[in-house]
Amino acid sequence: AGWSTRGELSGLQVGFALDEQQRATAIGRTLTLGGKWDLRGGAHLDGTLDLFREAGDLTLEGDTPVSLGLRQLELKLVAQQDRVDARLDATGEKLGQLNARAALALERDGQLWKIARNAPLEGDARFAMPSIAWVGPLVGPNLQLAGAVSGNFTLGGSLARPDARGSVRVAGINLALVEHGLRLSDGEIEIDLTQDRAKLTRFDFRADPRVRPRDLRVGYAELADR
């Protein structure tokens with residue numbers, strides 16, 4: 001008719017790496033997690049769950065390893081009479097700051113619970129990443145990036161008819177593809193998100209004229225005649 005579980009964990013090591021197709025896979029031991037929980041299930045689901053960073057960092061391993069410089073990572077769940085409130089907080093040197101929360105209702109399906117399709121959903125998230133320079137090596141060894149990105153999102157409606165909205169802004173973008181001679185600076189991008197649509201509302205860059213160096217060692221005119 002019911003069950004209950006209570007416990008703690010410590011020293012859970014997790015990490016990610018890139019496979020041959022450059023897809024992230026759950027391989028690695030760069031981040032150590034701890035947690036505790038106290039859950040009860042019967043006619044309703046009640047209790048708490050807390051998962052948090054104990055030590056280490058989340059590192060994407062590969063040809064060019066990238067670490068997020070995590071200082072805080074915590075996920076909290078509180079269930080009361082089949083209503084679940086969740087909160088995620090994360091901060092890091094490269095990650096910046098991420099705060100998200102969500103509230104949803106569960107319904108019993110046999111011995112399990114699932115998200116009620118027609119119950120209201122509530123949620124919001126905001127993030128601010130002070131620098132995207134670390135993204136460059138992930139995309140390609142010759143890509144140089146600079147800039148800051150921020151965004152906010154809201155979630156409403158229901159699982160059957162969700163209403164998701166938000167916006168993303170990238171400012172102070174400097175981009176250089178050395179091997180292609182492409183250099184853009186002082187960029188700004190703004191995107192509005194509504195449901196399954198993304199609207200690009202701003203896309204500005206400055207591209208200063210670049211003059212080919214005067215190199216007397218190569219006879220350009222002679223090459224052109226041939």
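The values are calculated or read from the model by the stated rules, or taken from the named source; none is laboratory data. Keep in mind it's a predicted model, so treat the numbers as computed, not measured. Here the Cβ positions follow ideal geometry from the backbone for every residue, glycine too, while neighbour counts run over all protein chains shown. Only protein heavy atoms, including side chains, enter the accessible area calculation; ligands, DNA and RNA are left aside. Shrake-Rupley method; radii C 1.70, N 1.55, O 1.52, S 1.80 Å.
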Selection count, the range 147-176, where residues are over 17 Å from the mean Cα position of the chain (by Cα) and either crowded, with 16+ Cβ neighbours inside 10 Å or closer than 30 Å to ASN118 by Cα (or both) | 12
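Conditions tested, residue by residue: (1) not in a loop (DSSP other than H, G, I, E, B); (2) not aliphatic (A, V, I, L, M).
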| site | (1), (2) |
| --- | --- |
| GLY34 | yes, yes |
| PHE52 | yes, yes |
| THR64 | no, yes |
| LEU73 | yes, no |
| ARG87 | yes, yes |
| ALA90 | yes, no |
| LEU98 | yes, no |
| ARG101 | yes, yes |
| LEU106 | yes, no |
With the first residue restricted to the range 81-93 and required to be without any contact (Cβ under 8 Å) to a residue 40 or more places away in the chain, and the second required to be among the acidic types (Asp, Glu), Cβ contacts under 6 Å at 6 or more apart or on different chains are ASP89/GLU74
Would you be able to tell me the number of residues in the range 112-137 that are touching a strand residue (DSSP E or B) at 6+ places or on another chain (Cβ under 8 Å), open to solvent by 60 Å² or more (accessible area, probe 1.4 Å) and of a type outside the set (Val, Ile, Thr)?
-> 7
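Which members of the range 169-186 meet the condition of being of a type in the set (D, E, K, R) and either modelled with pLDDT of 90 or more or part of a helix (DSSP H, G or I) (or both)? Quick ask: steps written out before the conclusion?
Here is the first cut: in the range 169-186, the ones of a type in the set (D, E, K, R) are 169, 179, 183, 186.
Correct list: ARG169, GLU179, ASP186.
Tell me whether the range 110-123 contains one or more residues that are touching a residue at least 24 places away in the same chain (Cβ under 8 Å), farther than 18 Å from LEU68 by Cα and among the basic types (Lys, Arg).
yes
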Taking the range 86-97, which residues are at pLDDT 95 or above and open to solvent by 50 Å² or more (accessible area, probe 1.4 Å)?
-> ARG87, LEU88, GLN97
Every residue from the range 109-145 that is at pLDDT 85 or above and of a type in the set (S, T, N, Q) = ASN118, SER131, GLN144
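Before we move on, is LEU60 buried (at least 16 other Cβ atoms within 10 Å of the Cβ), modelled with pLDDT under 95 and assigned to a strand (DSSP E or B)?
So LEU60 passes the test.
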Checked the range 177-205 for anything of a type in the set (D, E, K, R) and open to solvent by less than 100 Å² (accessible area, probe 1.4 Å); matches are ASP186, GLU188, GLU190, ASP192, ARG202, ASP204
What number of residues within the range 178-191 satisfy the criterion of being at negative phi and in contact with a Gly (Cβ under 8 Å, 6 or more places away or on another chain)?
-> 2
